Every structure is written in C-alpha cells, then in structure tokens.
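**Student:** One structure follows; several queries about it will come next.
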Amino acid sequence: MTTSVESYVRTPVVETLKKENIGKTVRLCGWVRTRRDSKGGFSFIEVNDGSTFKSVQVLAENKLSNYDSEILKLGIGSSVEVIGTIVESPGKEQTTEIKAESLKVFGYADPATYPLQKKGTSMEFLRTIAHLRPRTNTFGAVARVRNEICRSIHDFFQSRGFVYVHTPIITGSDCEGAGQMFKVTTLDFDKLPRKEDGSVNFEEDFFGKATNLTVSGQLQGEMYATALTNVYTFGPTFRAENSNTSRHLSEFWMIEPEMSFCDLEGNMQCAEDFLKTIFNNVLTNCSVDMQFFNERIDKTAIETLKHICDSAFVRVSYTEAVDILLKCGEKFEFPVSWGIDLQSEHERYLTEKKFKKPVIVYDYPKDIKAFYMRLNDDGKTVRAMDVLVPKVGEIIGGSQREERLDVLEERMKACHLSPEEYWWYLDLRRYGTVPHAGFGLGLERTVQFVTGMGNIRDVIPFPRAPKTADF
Ligand code: 4AD
Ligand code: MG
C-alpha cells in the first residue's frame, strides 16, 4: 500500500480528534490503552500519546497482514504506529476515529507484569512507579496543567516587559536566613580538613568556601531589578526542612518577580493579577484536563477557580487576622496570640471558613520574618505579605524590601547575619537605592491548588522529600 505520509511526520492524537481533520491521512504513534475485538473480524484499539487527555479509537480490520500475528496480541502499554485515514465515527462516544491502513508494533507490554493494568491504583503505589505513572490519566493531566501554568507564568511577565534572569543554584548565602540548606561539597568525609579550632576548613573545599543549594533566587533577583527595573526568576529551589507534609518538598520550583519603584500595595496587586491570569489560562487552555480533575479529584475545582478569577482577594493585616482568629470561637490545636507564625489550621480557617477565597495577610511581626523585609514605623512589623488560598494555605510569600542602608544593617545584626558577608547586598542600598518589592510563588503549590491534588508529591514528576529521592 502506498501512502503520502513521510516517515518523520506524526499527527498528535489531539489533532486526530478534530472534526475538521476528517478525510486526512495520518501517521499516528502512541501507546495502547485498550483493545476490543469484534466478531465481525475487526478490532478497536484506543491509542494515547499524551497530547491530550483523550485517546483516539483506531479501527483495525482482519485484512491487515499482521492482524492475527500481532494486532490480536496488543494490550495496554504496547507502543504502535498507525497509518490510516481520519473518518467520522459511527460510535456515540467519539466524533472521529482512524481507519488503519497499516499498524506496526514497536514494543509489547507483558500483561503479566505491566504495573498499570488495574484501574484505580492508589497514589501511594503510583509514587513507587514514578517512571510509568505519567501514562495514567491523572499524571498525564497533571503534566499538561503544570506545563500550561509554566507557559502562562512566562507569558504574564514577558508581556509586561519583565526580564527573565537566571540566578545561581549553588550559592554561599542563605536568603531566608533559616539555615535549612543542603551543603554542596567535594570534601572527603573520611578525611575532613580541619582548622586549628577543630572546625572544618572549607577553604580546601571545591569553591574555597562553604556553599549550599539555593533556597531562593531573591537576593540575586534584587541585583538585577536595581538595574533592569522589573525582573523574574523561575528555577528550582531547595530546602532541607524536615517537613513530611502534603505541602512540602525538599526540591521545588519557585517564581520570583522583583520590581523596582514598587511598594507593598503594588506587590499585592501584581500577585493577585498574576494568579488570576494563571487560573484563567488553565481554565481556557486545559479545559479537558480540568473537567477530569473536577470529576475525579475535586468536585469544586473548576467552580473555585472561576470564583477566584471573578472576585477581589481579601486583604487583612496580620494584626487583624490574629484578632479574627482570637474572636472566632474555633478551637485551634496551636493557640493564637499576637506574634505567632500562622499555622496551617489558622490559614485554612481564614481562607476556607471566614472569607471563602484567597486572603492576603500583610504587615507581619518582624521577629517571624526574614531580615530583608522593610520595617514599618511601628518598629514591630515588616512590610511582608503572604497570599493564602483554600486547602493549600500559603502559596505566595513576599515583601517590600528594606531599602534604607542603616535600618537594613541593624536588622541584619539582630538576625545574626554579618553585614560584611553581605557587602554586595548592602551596596545596592549604598549606590542609588530605590524602593522595591517582590514575591515568590511556589509552582507545586499552584499546581496542587489548581488541580485539587491532595499531595504535593503528585504534582511534580519526581518528588524529593525526607528519605525520598528515587528515580
Ligand atoms: O515564603 P518563602 O520562603 O519566600 C521566599 O523564599 C522569598 N525569598 C520569596 C520572595 O520574596 N522572592 O517561599 C515562597 C513560596 C511559598 O509561599 C510556597 O508557595 C513555596 O515558596 N514554598 C514551598 N513549596 C514547596 N515545598 C516547600 N518546602 C516550600 N517552601 C516554600
Ligand atoms: Mg513564606
């Protein structure tokens, strides 16, 4: 049989499902989801290639030369190439199907051992086969939604003239000052070089100093913002906090815009516009995947996103938030008082019960926030803001930065950080300092929120968490 299709041309499944493509000859490649044989001497084979949630139905007749020898052996997971024509489907379930002119098998998947045979396998089990879980409906949908969120993030900033800056992954500084860092070293642990006082001599280490994986690109982002005005970073960040929760990862992706000549109000507005744009784009561009999440994972997923896009976020100061929590009559496991760091149960009360929408809490006590946040005139609070959303809690953390050299130096000393070590950060205040602000959005918490997936380990392809670094 001759065909006009060149061997390198492939038509993704998503295209074969479109009515306007009926009549076209295609070369389709993918993995079999199901095979049904009919007594009439033909088989229906569902093929999926991840280009969309749905699979396309392929009609293979017994006149194909390898029908008995190969096609009848196809099972879930086998990989195939189909050359055929898109035709209108007589079935109710689908508009189009492919009438195969030839079907080639690349590789079979033995049904006796292929781990994805059964439907309804648990998320926990799927984590143990992270190399195969992208072939499931859920993980295919998560991957496409995550991709759309990333596309949308770049689009939001690029269309507003922000410059994408790459900040280092290996660094000598601790942005959040929390000391939750993974060390980067080539020292031999069995023969550590020591100084006279017995401490490890990092001068002999690879970089000639102690280094770690970054917890945030913010400080370097600030360097570029104080030259290019509006910048953003988008990269992996690492935290060695021993938090075994459904919202924490040891390796996660963070998006950090940094804006010169911007204050906390501008920062909050940017964060709100940003999240709404992402949510809108997902609703528009991933409607089929979102339909799935809405049916199978979280019955309120679509409604929640639509509601958020249509209404303003609530803004309350930390002091007001504490007041609300103290007066609400709710019993919290962790008691509330002015000065505490809000716990997940408090955040959830505010977003899920009190306001039923995203809440931006601002002006936190300085003692629970990082050294770089701008001190308010009350001397007790800083220009910090956290965006909290239902179910996930904190999705964004940000602040207006301290641009006054003397105040910043005082804060650093109070936080036991050495101004000498951060001389470059202080130089930004010494030479042409400007008011500026920025925030960090956790990518995985965003994917989690949008999809309604219960555990953060299921929205990143290969999760890293305490005692977990497989694949
Ligand atoms: O609030 P964080 O620690 O803020 C910063 O790192 C600032 N330097 C950001 C900035 O102002 N440029 O982290 C920001 C966000 C959190 O709101 C959360 O969404 C996410 O990063 N995040 C985590 N996500 C997954 N696992 C973890 N362990 C996370 N820690 C923070
Ligand atoms: Mg935070």
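The values are calculated or read from the model by the stated rules, or taken from the named source; none is laboratory data. All of these numbers come straight from a predicted model, not from anything done at the bench. Because the Cβ atoms are built from the backbone with ideal geometry, glycine has one as well, and the counts that use them run over all protein chains shown.
**Student:** Select from region 236-256 the residues that are buried (at least 18 other Cβ atoms within 10 Å of the Cβ) and more than 8 Å from ligand 1 (Cβ to nearest atom) and write down the one among them that is farthest from Leu441 (Cα to Cα).
**Tutor:** Ranking the candidates gives Phe238 first.
**Student:** Would you be able to tell me the number of residues in region 341-374 that are in contact with a strand residue (DSSP E or B) (Cβ under 7 Å, 6 or more places away or on another chain) and more than 16 Å from ligand 1 (Cβ to nearest atom)?
**Tutor:** Residues that pass the stated criteria total 2.
**Student:** Also, I was wondering about something else. Determine which single condition Gly393 fails, assuming it passes every other condition in (1) within 14 Å of ligand 1 (Cβ to nearest atom); (2) within 19 Å of Asp367 (Cα to Cα).
**Tutor:** (2)
**Student:** Could you check region 354-396 and list, in sequence order, the residues that are within 16 Å of ligand 2 (Cβ to nearest atom), over 17 Å from Glu265 (Cβ atoms) and either surrounded by fewer than 21 Cβ atoms within 10 Å (Cβ to Cβ) or not aromatic (Phe, Trp, Tyr) (or both)?
**Tutor:** Pro365, Lys366, Asp367, Ile368, Lys369, Ala370, Leu388, Val389, Val392, Gly393, Glu394, Ile395
**Student:** Return the residues of region 292-313 that are part of a helix (DSSP H, G or I), touching a residue at least 60 places away in the same chain (Cβ under 8 Å) and surrounded by fewer than 17 Cβ atoms within 10 Å (Cβ to Cβ); say none if nothing qualifies.
**Tutor:** Within region 292-313, Arg296 is the sole residue that qualifies.
**Student:** Can you confirm whether region 294-301 contains a residue that is more than 21 Å from Arg247 (Cα to Cα) and under 24 Å from the mean Cα position of the chain (by Cα)?
**Tutor:** yes
**Student:** Go through (1) under 30 Å from Gly454 (Cα atoms); (2) out of contact with any Lys or Arg (no Cβ under 8 Å at 6 or more places or on another chain) one by one and return the number of the condition Tyr431 breaks.
**Tutor:** It fails just one condition, (1).
**Student:** Something else: Which one is nearest to ligand 1 (Cβ to nearest atom) among residues in region 203-228 that are farther than 21 Å from Ile396 by Cα and acidic (Asp, Glu)?
**Tutor:** Among those that are farther than 21 Å from Ile396 by Cα and acidic (Asp, Glu), it is Asp205.
**Student:** Residues being part of a strand (DSSP E or B) and out of contact with any Leu (no Cβ under 8 Å at 6 or more places or on another chain): count how many of those fall in region 23-57. I'd like the intermediate steps shown before the answer.
**Tutor:** So in region 23-57, the residues part of a strand (DSSP E or B) come out as 25-38, 42-48, 56-57.
Of the ones still in play, those that are also out of contact with any Leu (no Cβ under 8 Å at 6 or more places or on another chain) are 25-31, 33-34, 36, 38, 46, 48, 57.
Residues flagged as part of a strand (DSSP E or B) and out of contact with any Leu (no Cβ under 8 Å at 6 or more places or on another chain) within region 23-57 amount to 14.
**Student:** Of everything in region 427-459 that's of a type in the set (Phe, Trp, Tyr) and within 19 Å of Cys150 (Cα to Cα), which residue is nearest to ligand 2 (Cβ to nearest atom)? If you could, list the steps in order and put the result at the bottom.
**Tutor:** Filtering region 427-459 for residues of a type in the set (Phe, Trp, Tyr) gives 431, 439, 449.
Now drop any that are not within 19 Å of Cys150 (Cα to Cα), which leaves 439, 449.
Values: Phe439: 10, Phe449: 15 Å.
Among those residues, the one meeting the criterion is Phe439.
**Student:** Can you pull out the residues in region 441-471 that are among the acidic types (Asp, Glu) and under 11 Å from the mean Cα position of the chain (by Cα)?
**Tutor:** Glu444, Asp458
**Student:** How about region 336-375: which of its residues are of a type in the set (Asp, Glu), more than 24 Å from the chain's Cα centre (by Cα) and either in a loop (DSSP other than H, G, I, E, B) or under 17 Å from Asp323 (Cβ atoms) (or both)?
**Tutor:** Asp341, Asp363
**Student:** Answer with yes or no whether Glu403 is among the acidic types (Asp, Glu), more than 25 Å from Leu342 (Cα to Cα), within 15 Å of ligand 1 (Cβ to nearest atom) and surrounded by 14 or more Cβ atoms within 10 Å (Cβ to Cβ).
**Tutor:** For Glu403, the condition - among the acidic types (Asp, Glu), more than 25 Å from Leu342 (Cα to Cα), within 15 Å of ligand 1 (Cβ to nearest atom) and surrounded by 14 or more Cβ atoms within 10 Å (Cβ to Cβ) - is met.
**Student:** May I pose another question? If I ask for residues that are touching a residue at least 40 places away in the same chain (Cβ under 8 Å), out of contact with any Phe, Trp or Tyr (no Cβ under 8 Å at 6 or more places or on another chain) and surrounded by 15 or more Cβ atoms within 10 Å (Cβ to Cβ), which ones from region 77-96 would you list?
**Tutor:** Val82, Ile83, Gly84, Thr85, Ile86, Gln94, Thr96
**Student:** Search region 109-121 for residues that are farther than 10 Å from Ser78 by Cβ and pair each with any residue that is among the aliphatic types (A, V, I, L, M) when their beta-carbon atoms are under 8 Å apart and the residues are at least 6 apart or on different chains.
**Tutor:** Qualifying pairs under 8 Å: Pro115/Ile129; Pro115/Leu132; Leu116/Ile76; Leu116/Ile129; Leu116/Leu132; Gln117/Ile76.
**Student:** Go through region 415-466 and report how many residues are within 15 Å of ligand 1 (Cβ to nearest atom), under 30 Å from Lys209 (Cα atoms) and surrounded by fewer than 15 Cβ atoms within 10 Å (Cβ to Cβ).
**Tutor:** Total meeting the criteria: 2.
**Student:** Checking Glu330 against (1) within 15 Å of ligand 1 (Cβ to nearest atom); (2) more than 22 Å from Ile456 (Cβ to Cβ); (3) of a type in the set (D, E, K, R), only one condition comes out false. Which one?
**Tutor:** Evaluating Glu330 over (1) within 15 Å of ligand 1 (Cβ to nearest atom); (2) more than 22 Å from Ile456 (Cβ to Cβ); (3) of a type in the set (D, E, K, R) leaves (1) as the failure.
**Student:** So the check is Cβ under 7 Å with 6+ separation or different chains; which pairs have a first residue in region 130-146 that's on the phi < 0 side of the Ramachandran plot and part of a helix (DSSP H, G or I) and a second one that's acidic (Asp, Glu) and surrounded by 17 or more Cβ atoms within 10 Å (Cβ to Cβ)?
**Tutor:** Listed pairs, sorted by first residue: Ala141/Asp289; Val142/Asp458; Arg144/Asp289; Val145/Asp289.
Residue by residue, here is whether (1) within 16 Å of ligand 2 (Cβ to nearest atom); (2) more than 27 Å from Asn455 (Cβ to Cβ); (3) at pLDDT 95 or above; (4) assigned to a helix (DSSP H, G or I) holds:
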{"position": "Phe207", "(1), (2), (3), (4)": "no, yes, yes, no"}
{"position": "Tyr224", "(1), (2), (3), (4)": "no, yes, yes, yes"}
{"position": "Gly235", "(1), (2), (3), (4)": "no, no, yes, no"}
{"position": "Ser243", "(1), (2), (3), (4)": "yes, no, no, no"}
{"position": "His248", "(1), (2), (3), (4)": "yes, no, yes, no"}
{"position": "Met254", "(1), (2), (3), (4)": "yes, no, yes, no"}
{"position": "Pro257", "(1), (2), (3), (4)": "yes, yes, yes, no"}
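**Student:** Report, by residue number, each residue of region 321-353 that is crowded, with 19+ Cβ neighbours inside 10 Å and β-branched (Val, Ile, Thr).
**Tutor:** Correct list: Val322, Val336, Thr351.
**Student:** Something else about it: Going through Ala100, Ala109, Ala60 one at a time, which residue ends up being in contact with a helix residue (DSSP H, G or I) (Cβ under 6 Å, 6 or more places away or on another chain) and either surrounded by 19 or more Cβ atoms within 10 Å (Cβ to Cβ) or in a loop (DSSP other than H, G, I, E, B) (or both)?
**Tutor:** On inspection, the qualifying residue turns out to be Ala60.
**Student:** Is there any pair linking a residue in region 376-405 that is within 21 Å of Gly432 (Cα to Cα) and of a type in the set (D, E, K, R) to one that is within 9 Å of ligand 1 (Cβ to nearest atom) and at pLDDT below 95, with Cβ under 7 Å and at least six apart or on different chains, and which?
**Tutor:** So the pair list comes out empty.
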